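The values are calculated or read from the model by the stated rules, or taken from the named source; none is laboratory data. These numbers were taken from a predicted model, which means no experiment stands behind them. Please note: Cβ atoms are built from the backbone with ideal geometry, for glycine as well, and neighbour counts cover all protein chains shown. Ligands, DNA and RNA are excluded from the accessible area calculation, which covers all protein heavy atoms including side chains. Shrake-Rupley method; radii C 1.70, N 1.55, O 1.52, S 1.80 Å.
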Amino acid sequence: MLLTRRQAEIVALAKEQGRVLVDELATRFSVTPQTIRKDLNDLCDGRALTRIHGGAIFPSGNENVKYEARRSIAASEKQAIGRAAAALIPDNSSLFINIGTTTEAVGEALTDHRELMVITNNINVANRLRVFPSIEVVIAGGVVRGADGGIVGEAAVDFIRQFKVDFAVIGVSAIDGDGALLDFDFREVKVAQAIMANARHVILVSDSSKFERTAPVRIGHLSQVHTFITDRCPLDAIRTICAENDVNLIETAP
């Protein structure tokens, strides 16, 4: 599609920040919200962006949004999800935490726990938890991805397979309407699959924006997890999958 200059800037902002909001764009470009809504509708019709309530997101079909931008998307929702996940994990537990900004929020919420063993391929989680003497941190070996500090590759998969833990906390880049759990990097997916296979209880943490995104690599299916924590589940099909497969669905939004 042929973009106007303003529309091109909107797409660039969405790619950099992960999402754009109508009111903020109206202020930035000194136009009415109605004008911005028309721009967003045109961009979404042309599949340059994906519409969400109050704005739009960069669809990221083959490439993920930049890491710092992902941190800012739904930040308060991720904090609430993190607290809800941490509440399910008792002291004296062992757990995996994989790569992701929502899983990092779980790590933040675990700092008052005692006698935990945390095994992770996420350098950010390891660095945050290492200073707490009541938490033993074990970090996977492998290739460190510069974009987000994730450790990926066959070495990380082999390392994970040495353990059998009480809980796994996993994040994903997208959730399809049929329950497929999706990500971008097949190397990361292999690690996530090993984490799921070697935990007694799998906790999926994901904010509701993941229902509006897509990614090309399949991790697994929602039916393979035990607990799914999100701020809001907008899809009846997802609720049905959870109910039919005894997946405990927890929504943190009031």
Potential lengthening between Phe132 and Arg232 on full extension [0.36 nm per residue; Cα-Cα distance subtracted]: 32.8 nm
Anyone know which of Val31, Val191, Val172 comes out most mobile in the 10 Å Cα GNM of the chain? Val31
Unit charges on C-beta of K, R, D, E only; dipole of the chain, Debye: 460 debye
Mean residue ellipticity at 222 nm from the helices of the chain, using -39,500 (n - 2.57) per DSSP H segment of n ≥ 4 over the full residue count, to the nearest 500 deg cm²/dmol? -11000 deg cm²/dmol
Among Val131, Val152, Val217: highest mean-square fluctuation, GNM of the chain, C-alpha pairs under 10 Å: Val131
What is the distance, in nm, between label points placed 7 Å from the Cα along the Cα-to-Cβ direction at Ala87 and at Asp246? 2.3 nm
Among [x] 56, 39, 32; [y] 52, 44, 37; [z] 68, 42, 32, which one is Cα extents along the principal axes in Å computed from these coordinates? [x]
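Just the accessible area per residue of the chain, please: how many Å² with a 1.4 Å probe? Walk me through the numbers before you get to the answer.
Details: 11710 Å² over 254 residues.
Roughly 46 Å² per residue, with all protein chains present.
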Nearest-ten-degree value, helix 75-88 long axis tilted from longest Cα axis of the chain: 20 degrees
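Rounded to the nearest 20 Debye, what is the dipole magnitude of the range 139-254 about its Cα centre when Lys and Arg each give +1 and Asp and Glu each give -1 at the C-beta?
Numbers: 11 positive and 16 negative charges, 63 e Å.
Here the range 139-254 has a charge dipole of around 300 debye.
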Do you know the relative contact order of the range 94-208, to the nearest whole percent, from alpha carbon pairs under 8 angstrom that are 6+ apart? 28 percent
How far apart, in nm, are the 7 Å Cα→Cβ label points at Arg161 and Ala26? 5.6 nm
Reachable lysines from Lys78, Cα under 27 Å, same-chain residues fewer than 8 places away excluded? Lys15, Lys66, Lys164, Lys190, Lys210
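Report the local net charge at Ser223: Lys and Arg +1, Asp and Glu -1, summed over other residues whose C-beta lies under 14 Å from its C-beta.
Numbers: positive: Arg218, Arg239; negative: Asp176, Asp178, Glu244, Asp246.
Here the charged neighbours net out to -2.
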Around Ser93, with a cut-off of 15 angstrom between Cβ atoms, what is the net charge of the other residues, counting Lys and Arg +1 and Asp and Glu -1? -2
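Which net charge results for the neighbourhood of Val118, defined as the other residues with beta-carbon distances under 13 angstrom from its beta-carbon, given Lys and Arg at +1 and Asp and Glu at -1? It would help to have the intermediate numbers written out before the result.
Working: positive: Arg114, Arg128, Arg130; negative: Asp91, Glu104, Glu108, Glu115, Glu136, Asp166.
Value of the local net charge: -3.
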Computing the accessible area with a 1.4 Å probe over protein heavy atoms, can you report the carbon and sulfur percentage for the range 135-254? 50 percent
Given the options Val106, Leu88, Ile57, identify the residue whose Cα lies farthest towards the positive end of the charge dipole of the chain (+1 on Cβ of Lys, Arg; -1 on Cβ of Asp, Glu). Ile57
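Given +1 on the Cβ of Lys and Arg, -1 on the Cβ of Asp and Glu, and no further charges, what dipole in debye does the range 1-48 carry about its Cα centre, rounded to the nearest 20? Write out the running numbers ahead of the final one.
Working: 8 positive and 7 negative charges, 12 e Å.
Approximately 60 debye in magnitude.
For Cys44, Cys233, give me the order by solvent-accessible area with a 1.4 Å probe, most accessible first, ignoring ligands, DNA and RNA. Could the numbers behind the result be given before it?
Working: Cys44 30, Cys233 5 Å².
Ranked from most to least accessible, the order is Cys44, Cys233.
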Max mean-square fluctuation residue, GNM over the chain, Cα-Cα springs under 10 Å, options Asp207, Asp183, Asp91: Asp91
Ala253 and Gln34 label points (each 7 Å along its Cα→Cβ direction) are spaced in nm at 2.8 nm
Skipping prolines and chain starts, which residues have an amide H placed within reach, meaning under 5 Å, of the one on Leu249, given they are 5 or more residues away or on another chain? Phe228
